[in-house]
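Undergrad: There's a structure below that I have some questions on.
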Amino acid sequence: MPTDAVLRPPSRAGRKEWLALAVLSLPALLVVMDLTVLHLAVPHLSADLGPTSSQLLWITDIYGFLIAGFLITMGSLGDRIGRRKLLLIGATGFAAASVLAAYSTSPEMLIAARAVMGVAGATLMPSTLSLIRTMFDDPRQRTTAISVWMMSFMVGGSAGPLVGGALLESFWWGSVFLVGVPVMLLLVVAGPFLLPEYRDPAAGRLDLASAFLLLASVLPVIYGVKRAAEHGVGIVSITAVALGTAVGVWFVRRQGVLDDPLIDVALFRIRAFGASLGVMTIATFAMMGLNLFVMQYLQLVHGLSPLGAGLWVLPMTGGMMVGMLAAPALTRRVRPAFVIATGMGTAAVGIILMTQVTSSDGFAALIAGTVLMGGGFAPAAALGTDLVISSAPAARAGAASAVSETSNEFGGALGLAILGSVGTAVYRAGMDHEVTAGLRPATAAAARDTLAGAGEVAATLPPGPGAHLLHVAQAAFADGLRVTAGISAVLVVGGSVLAAVLLRTVRSGPASTARKDDLAPAPAGAATHGGNR
């Protein structure tokens, strides 16, 4: 590459690009919101449509399954046909499927609509992030832009229960799906004027066999870990994970011999790419797993309503926003490795506070812990995503974005499955059989299975025995929360060390340099395309 091309300062984004960022943040917010908003509507749609237990499982899970399964394929497709084009197609499909879901008249119709929403959602996330990579060439501006984009995810996750609860107070269950329709229409109208088009001019044909193998590897693994979280580790969950892993190995080997792979496996040899993915996976693992227990504690132990529990999640969201906004400013003076490592250390302190929670005390420690956890994980999410995108060649930004999002999906699913299983095991071990003595076997099993089940059983008993059963169950659940928090704290400290060691030579800013092994040893041009190095 000519010397003047290397030394030429990156162009800075203007008003149009920042307006485009605001438009791109909205679909990201809605995709995450739709992962959580349905849970509140389940009782209402169950009464209306009458789905079987199996159909209800597919209604709640098919959306997230297909997002995870199609992310990388859609990211690679966007590199080939054009990222803006794919984004607008996905937004149109998402809006249409949302309307179908809202007015579904049968469980089968709702499952099909949610499936289309999942495929369309998979086009939105990598397309938005890769377009940000294209629009913001200046590394510092790009870091800020990605932080703003990541905040939309945080707001979406927190707003889902609040928006869903407010709509269900006045409207039918289908209203929760209509929130995204005007936003997607805004994207379709404004996108052609605000968003640039980008495609890889050297991209080959999309390998359909690789796309099928990827889907056949991701879906069984996600299904297996979710089943393990809900029913415990068994032959079905183990077989599903083993099958998905075997197909995944086949997929990776195929990518190594293709001229135009779906994923360039050489990207994982870039230190900033691989290490950042590892840190982000640890963060999502801990946050998703612990949030499962936090939400249950607030409602079933502390006695808050679903809306009240959602409101007490807002301080954590505020902590995340502060962390997101502070991260870009800090990297102007401190290397990203130490910002991320310090943030992970702060999150570990917050998680350690959660180990002090009991069934009768510790509410303040829990809320303070979630704030520190959210604020501490925010730099890892923002800067880690920036490092993943900027360390990859610009032509492969769509695929790199999709790999980043897929790692988050896997981290969250594993956190729910593993930490959920550990916490459940601790809860069951803490349920003294004497407490359920005299109950019918099915009733006793329900009380020992979950805290919610114990609450339902306690409500049917006389005041004295019922109160005692509930007290023991809440204490056992608090034990499970403390154990999972302790495990998470150890993992997060490990993630902090990982960031400090493996990312220590990665700098921020256009004039910085790094050692060769920290950049791209494989794809041509990877060492010259923007980013925090």
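No value in this document is a laboratory result; all are computed from the given coordinates. What you see is a predicted model, and the numbers here were worked out from it, not measured in a lab. Every residue, glycine as well, gets a Cβ built from its backbone with ideal geometry; the counts of neighbours run over all protein chains shown.
Undergrad: Within 10 Å of each residue's Cβ, count the other Cβ atoms and sort ARG227, ARG253 from fewest upward.
TA: On the way: ARG227 20, ARG253 11.
Lowest to highest Cβ neighbour count: ARG253, ARG227.
Undergrad: Same structure, new question: Spin-label point model (7 Å from Cα, Cβ direction): what's the HIS44 to LEU314 distance in nm?
TA: With each label point 7 Å from Cα toward Cβ, the separation is 2.1 nm.
Undergrad: Treating the beta-carbon of each Lys and Arg as +1 and of each Asp and Glu as -1, no other charges, what is the dipole magnitude of region 207-261 about its Cα centre, to the nearest 20 debye? Each step should come with its number before you reach the end.
TA: Values: 4 positive and 4 negative charges, 48 e Å.
For region 207-261, the charge dipole is close to 220 debye.
Undergrad: Just to verify a number: FRET efficiency for LEU206 and THR245, C-beta to C-beta distance, R0 = 30 Å, to 0.05?
TA: 0.80
Undergrad: Given the Cα-Cα distance of ALA459 and LEU186 and 0.36 nm per residue of separation, how much length would full extension add, in nm?
TA: Additional length available on full extension: 93.4 nm.
Undergrad: I need SER76, SER237 ordered by Cβ neighbour count within 10 Å, fewest first.
TA: Going from least to most buried by this count: SER237, SER76.
Undergrad: Can you work out D for region 207-261 in µm² s⁻¹ from Stokes-Einstein, where Rh is the Kirkwood radius over C-alpha pairs, the temperature is 20 °C and the viscosity is 1.002 mPa s? Kindly include the intermediate steps, with their values, before the conclusion.
TA: On the way: Rh = 11.6 Å.
Rounded to a whole number, D works out at 185 µm²/s.
Undergrad: Moving to a separate point now. What's the FRET efficiency of THR92 with SER360 using the Cβ-Cβ distance as r and R₀ = 45 Å, to the nearest 0.05?
TA: Step by step, r from the Cβ atoms, then E = 0.30.
Undergrad: Give me the distance in nm between label points sitting 7 Å out from Cα along the Cα-to-Cβ direction at HIS471 and VAL497, one decimal.
TA: Label at HIS471, label at VAL497, 4.2 nm between them.
Undergrad: Where in region 356-377 is the amide nitrogen less than 19 Å from a point lying 7 Å along the Cα-to-Cβ axis of VAL322?
TA: Inside the label zone: 363-377.
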